[in-house]
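The values are calculated or read from the model by the stated rules, or taken from the named source; none is laboratory data. Quantities reported herein were computed from a predicted structural model and do not represent experimental measurements. Glycine gets a Cβ as well: all are built from the backbone with ideal geometry, and neighbour counts include every protein chain shown. Only protein heavy atoms, including side chains, enter the accessible area calculation; ligands, DNA and RNA are left aside. Shrake-Rupley method; radii C 1.70, N 1.55, O 1.52, S 1.80 Å.
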Amino acid sequence: MSTAQPETGRLRAPAIGAGAVGQPEHGRRLGLALVVIATAQLMVVLDATIVNVALPHIQTALGFSGSGLEWVVNAYALTFGGLLLLGGRAGDILGRKRVFIAGIILFSLASLLGGFANSQEWLLAARALQGVGGAIVAPTALSLITTNFPEGPPRNRAMGVYAAMSIGGAAVGLLAGGLLTTYFSWRWVFFVNVPIGIAVALLAPRALGESQRHPGRFDLPGAITGTLGLVALVYGLSSAATSANGVSHWGDTKVVASLAAAVVLLASFVFIESRSQHALMPLRIFRNISRSGAYLVMLCVGTAMFGMFFFLTLFVQEVWHYSALKTGVAYLPMVAVIMAMAGLSTQLVPRIGARPLLIAASAISAGGMFWLSRINEHSTYVGGLLGPMLVTAAGLGLLFMPATLVSLSKVDDKDAGLASSLVNTGQQVGGALGLAVLGTVAWTVVANTVRSSAAAAKSAAIAAAKAGHPVHITAAKAKAAQIGIFDHALSVGFSRGFVVSAGIMLLALIVAITMIRVTREDLAGVQPMPA
């Protein structure tokens, strides 16, 4: 995503020369442009959390297995992250306004299809299509700020609103997802995007100015091999989980074939990017070790965070029997702390630098996630969840801004858009990989715990009968016992998944210590683009 400064200059000149009459009209157009861009960003960001709250209801309605349910998230994350750079390039080559409108229409259409889904395949296809639309909208929306708002206070205000939508959209999604799922249906978490998308698509031609086109070619081989490689990797990892009968699937043909295909496709992607003159991800961007470290940290954050939210949502609804609305409200303190600590980090970076913040934030996040792994079916919200959730939120909130700043440090102007987009790509790709890895661990432990608990209960009943104390179990008691065993198994399995999340954040800590070398002087003048 280039910043297209010449276009900005052309937009600014008429406003200066328009006189007193032209200024109010120009101001109204900029205000309308900001509403359109911010609403589009809110729609894309909101989609992650609004769907997350509805996952248990989607599972019940369409019959997803535990590992299959992960693909409701992964289908979106993989196409979004895999095609994000291609979406930014499309805006540069074809014109950002027209590409932005096309992305909004595609996202809205996919949302409509998702709301009408009556099978797993239908919903997953719609989610993948939503990801394609999101990959087009997200980078072009950010670029349109630079082409529609002149440098200085107008652009700074626009960036501030954009950033607020990026962070606040999570809270809006939690509440909206809870309300829609509780009082209407899970289908409305998709339908709600349609009227918003239609309004944005109708207002955009009037509100937005077109950017200058930059002749170039699309790196379709890179986009295809990279995205398919990630899909194959995630599919192979998620399919390897032990099933309820205790059979491990690591040796299954589909798992081995998927992982082998992933290796070939991802190696091909790296080869293509090293040779292509129009590479989506020029490898020169990784020559700076601190920048590469920042990308690895954000990859770890996505890996740990997506899995944590996914399994925590299932836990509070399936084990604690929270409603969707109560689940959304339960998350709000975490979102509030993330927002507060993100604001604090902007004040701390100029004083202590990015590296100390990244080290502290990674350590705090790892500690919070490990504390979260102590949760079980007998815990309470205040006694077992709120504390670790707030500690984790504090670490994540401190981490985002310095990681973004480091990713943009000492980057050439021509690569500024690429450097910023890779932060978002890392989060989405890391999220998909995290769900696959954590899911395989969690569902394997769940299956093994169910089998061992059922066997222990059976052995206890046999021993009691032999001792002359047979246990008379009614159908109601038997059902309650089965529910108790399954709740305990979910608790143990998800707890193990949270331990893995903590381990991934420890890896982020090691990366921050060994790879991040920027000083406060290196970050002087760097303006982060909200990811």
Discussion item. Going by what's in this entry, would S452 be described as at pLDDT below 80 and either open to solvent by 10 Å² or more (accessible area, probe 1.4 Å) or over 16 Å from the mean Cα position of the chain (by Cα) (or both)?
Written reply: yes
Discussion item. It is to be established whether one or more residues within the range 104-113 are within 17 Å of the chain's Cα centre (by Cα) and in a helix (DSSP H, G or I).
Written reply: yes
Worksheet item: Can you pull out the residues in the range 114-125 that are without any contact (Cβ under 8 Å) to a residue 60 or more places away in the chain and in a helix (DSSP H, G or I)?
Response: Q120, E121, W122, L124, A125
Worksheet item: Just a yes or no: is a residue in the range 135-144 assigned to a helix (DSSP H, G or I), at pLDDT 80 or above and small (G, A, S)?
Response: yes
Practice prompt. Within the range 279-316, count every residue that is in contact with a Gly (Cβ under 7 Å, 6 or more places away or on another chain), of a type outside the set (A, V, I, L, M, F, W, C) and open to solvent by 10 Å² or more (accessible area, probe 1.4 Å).
Written response: 2
Worksheet item: Give me the pairs: first residue in the range 263-289 and among the hydrophobic types (A, V, I, L, M, F, W, C), second residue in a loop (DSSP other than H, G, I, E, B) and open to solvent by 90 Å² or more (accessible area, probe 1.4 Å), beta-carbon distance under 8 Å, and six or more apart or on different chains, which are they?
Response: I289/R517
Worksheet item: Quick one: what pairs do we get from the range 195-208, first residue under 17 Å from R29 (Cβ atoms), second loosely packed, with under 13 Cβ neighbours inside 10 Å, C-beta under 9 Å, 6+ apart or different chains?
Response: A207/G31
Worksheet item: How many of the residues in the range 248-298 are within 25 Å of the chain's Cα centre (by Cα) and among the charged types (D, E, K, R)?
Response: 2
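Every residue, every condition in (1) at pLDDT 85 or above; (2) within 30 Å of L490 (Cα to Cα), yes or no:
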position: G307; (1), (2): no, yes
position: H321; (1), (2): yes, yes
position: R351; (1), (2): no, no
position: P356; (1), (2): yes, no
position: A361; (1), (2): yes, yes
Item to complete: Scan (1) closer than 19 Å to L280 by Cβ; (2) open to solvent by 20 Å² or more (accessible area, probe 1.4 Å) for the single condition G88 breaks and write down its number.
Response: (2)
Worksheet entry | Options P402, P388: the member that is at pLDDT below 85, in contact with a Ser or Thr (Cβ under 9 Å, 6 or more places away or on another chain) and either not β-branched (V, I, T) or not in a helix (DSSP H, G or I) (or both) | P402
Discussion item. Looking at the range 340-358 only, could you name the residues that are of a type outside the set (K, R), surrounded by 17 or more Cβ atoms within 10 Å (Cβ to Cβ) and either closer than 23 Å to Y183 by Cβ or in contact (Cβ under 8 Å) with a residue 60 or more places away in the chain (or both)?
Written reply: A342, V349, G353, A354, L358
Worksheet item: Of all residues in the range 56-69, how many are open to solvent by less than 20 Å² (accessible area, probe 1.4 Å) and in contact with a Phe, Trp or Tyr (Cβ under 7 Å, 6 or more places away or on another chain)?
Response: 2
Fill in: Residue check for G395: open to solvent by less than 10 Å² (accessible area, probe 1.4 Å) and under 17 Å from A340 (Cα atoms)
yes
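Residue-wise test of (1) in contact with a helix residue (DSSP H, G or I) (Cβ under 6 Å, 6 or more places away or on another chain); (2) surrounded by 19 or more Cβ atoms within 10 Å (Cβ to Cβ).
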| position | (1), (2) |
| --- | --- |
| F100 | yes, yes |
| L106 | yes, yes |
| G114 | yes, yes |
| A117 | yes, yes |
| A125 | no, no |
| G133 | yes, yes |
| V137 | yes, yes |
| L144 | yes, yes |
| P150 | yes, no |
